[in-house]
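K.L.:
Mind looking over this structure? Questions follow.
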Amino acid sequence: LFRSLESCLRPPVSPPRYRSSLALDKLLEGDWPSVCQSLGQMGKPLTLRAVYALVHDCVEAMQPAFLTAATPEGFSYRRSGEERKLPDELWDVDLSSSFCAAKPSAEQVLDAIVIPICSKFGLALSLRMGTRRAVLPALRLAGDTVGPAGLQSLGHLCEANPKVKFLFSVLSRGDQHEAAVLASKFRNLHVWGCWWYCNYPSVVSEVTALRLEMLGTNFTFQASSARVHDQLIYKWIHARAMLAKLLVGKYSELMAT
């Protein structure tokens, strides 16, 4: 965790063709012990105000292409701003304290920290939606599975923040049709890729065909989401071949009409 934070605040030199993003999964998922550990290692107070300052410093240092986060299971973002408002006293509460029962919710973190930083730096926010964590804890990171994305909340998020660009991908095959419909309604919403459990040839073909029919070319076919260089290479070799096959089929149908 500390090494990841160090690389954010003092990023290594990388080739210009590679752009990075800043991942805020622990923050949005409410993993406060991990968040407090990061704050402590940087010598900052264990408060939400310090979280804002740390994220701000990371963005300034990294100059990321966008911010990204996985939404927690049961993610909710209500339409009414009054219901979402973060109480002033929560800004300086010790987040590590067992007496702090009212930890900030994901929607409060979005409104208080993530969205303001996106607005200030002109960054998009990419959401990976529909993960159910630790179904089998013994498998650690491999124990995660698929859950409902909560796309109604994404619609509320786009409506409440029309000047912020949102990118999103959903993990469940069953959410893909609703995702395409939602992406067609909001100018500030863009659907990308087939992520994780949807990144299988049969699912990619089905989902991409659906998006071509509903969105035309107003989506991103595939994103690397790569943590190591080898992933980037094999994903794009496979993805380009599949996209070519899908586009030939669609253009052949147009020519035959």
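The values are calculated or read from the model by the stated rules, or taken from the named source; none is laboratory data. If you're wondering where the values come from, they're calculated on a predicted model, not measured in any experiment. When we count neighbours, we look across all protein chains shown, and the Cβ atoms used for this are built from the backbone with ideal geometry, even at glycine. Side chains are part of the model used for accessible areas, which takes the heavy atoms of the whole protein and leaves out ligands, DNA and RNA. Shrake-Rupley method; radii C 1.70, N 1.55, O 1.52, S 1.80 Å.
K.L.:
Which helices, counted as full DSSP H runs in the chain, have an axial Cα extent of no less than 27 Å and a Kyte-Doolittle average of 0.0 or above?
P.N.:
229-256
K.L.:
Might you report the magnitude of the Cβ-based charge dipole of the chain about its Cα centre, with Lys and Arg at +1 and Asp and Glu at -1, to the nearest 20 debye? Don't skip to the answer; put the middle values down first.
P.N.:
Numbers: 28 positive and 23 negative charges, 154 e Å.
Using Cβ point charges on Lys, Arg, Asp and Glu, the chain gives about 740 debye.
K.L.:
Rg/Rh for the chain to two decimals, with Rh computed the Kirkwood way over all alpha-carbon pairs.
P.N.:
Numbers: Rg = 19.3 Å, Rh = 19.7 Å.
Taking Rh as the inverse mean 1/r over Cα pairs, Rg/Rh reads 0.98.
K.L.:
Provide the per residue accessible area, probe 1.4 Å, for the stretch 7-129, rounded to a whole number of square angstrom. Let's see the in-between values first.
P.N.:
On the way: 6090 Å² over 123 residues.
Each residue of the stretch 7-129 exposes 49 Å² on average to a 1.4 Å probe.
K.L.:
Relative contact order of the stretch 64-163: what whole-number percent is it, with Cα pairs under 8 angstrom and at least 6 residues apart? All intermediate terms of the calculation are to be shown ahead of the outcome.
P.N.:
On the way: 116 pairs, mean separation 40.3, N = 100.
Rounded, it is 40 percent for the stretch 64-163.
K.L.:
With contacts defined as alpha carbon pairs under 8 Å and 6 or more residues apart, what's the relative contact order of the chain in percent? List each step's numbers first, then the result.
P.N.:
Numbers: 356 pairs, mean separation 36.6, N = 257.
Here the relative contact order equals 14 percent.
K.L.:
Continuing with this model, one more query. Could you work out how much longer the chain between ALA134 and GLU213 gets when fully extended? Use 0.36 nm per residue separation minus the Cα distance between them, nm to one decimal. Walk me through the numbers before you get to the answer.
P.N.:
On the way: separation 79, 0.36 × 79 = 28.44 nm, distance 3.55 nm.
Taking ALA134 through GLU213 to full extension adds about 24.9 nm, to one decimal.
K.L.:
Report the Stokes-Einstein translational diffusion coefficient (µm² s⁻¹, integer) for the stretch 121-257, Rh taken as the Kirkwood radius over Cα pairs, at 10 °C with viscosity 1.306 mPa s.
P.N.:
D = 98 µm²/s.
K.L.:
Note down the magnitude of the dipole of the stretch 122-168 about its Cα centre, charges +1 on Lys and Arg C-beta and -1 on Asp and Glu C-beta and zero elsewhere, to the nearest 20 debye. Working shown, then result.
P.N.:
Details: 6 positive and 2 negative charges, 25 e Å.
Once rounded to the nearest 20, the dipole reads 120 debye.
K.L.:
Could you check how much of the accessible area of the stretch 1-158 is carbon and sulfur, as a whole percent, using a 1.4 Å probe? Write down the numbers at each step before the final one.
P.N.:
Details: 4460 of 8130 Å².
After summing per-atom areas, the C and S share lands at 55 percent.
K.L.:
Could you give the accessible area per residue of the stretch 170-242, probe 1.4 Å, as a whole number in Å²? Don't skip to the answer; put the middle values down first.
P.N.:
On the way: 4150 Å² over 73 residues.
Averaged over the residues of the stretch 170-242, the accessible area is 57 Å².
K.L.:
Nearest-5 percent of antiparallel DSSP beta bridges in the chain?
P.N.:
Values: 2 of 18 bridges.
Beta bridges within the chain, antiparallel portion: roughly 10 percent.
K.L.:
So, one more: What value does the stretch 29-137 have for Rg/Rh, both radii from Cα atoms and Rh as Kirkwood defines it? If you can, show how the numbers build up before the last one.
P.N.:
On the way: Rg = 14.2 Å, Rh = 15.0 Å.
That ratio is 0.95, to two decimals.
K.L.:
For the chain, what is the mean residue ellipticity at 222 nm derived from helices alone (per DSSP H run of n ≥ 4: -39500 (n - 2.57); sum divided by total residues; nearest 500 deg cm²/dmol)?
P.N.:
That calculation yields -13000 deg cm²/dmol at 222 nm.
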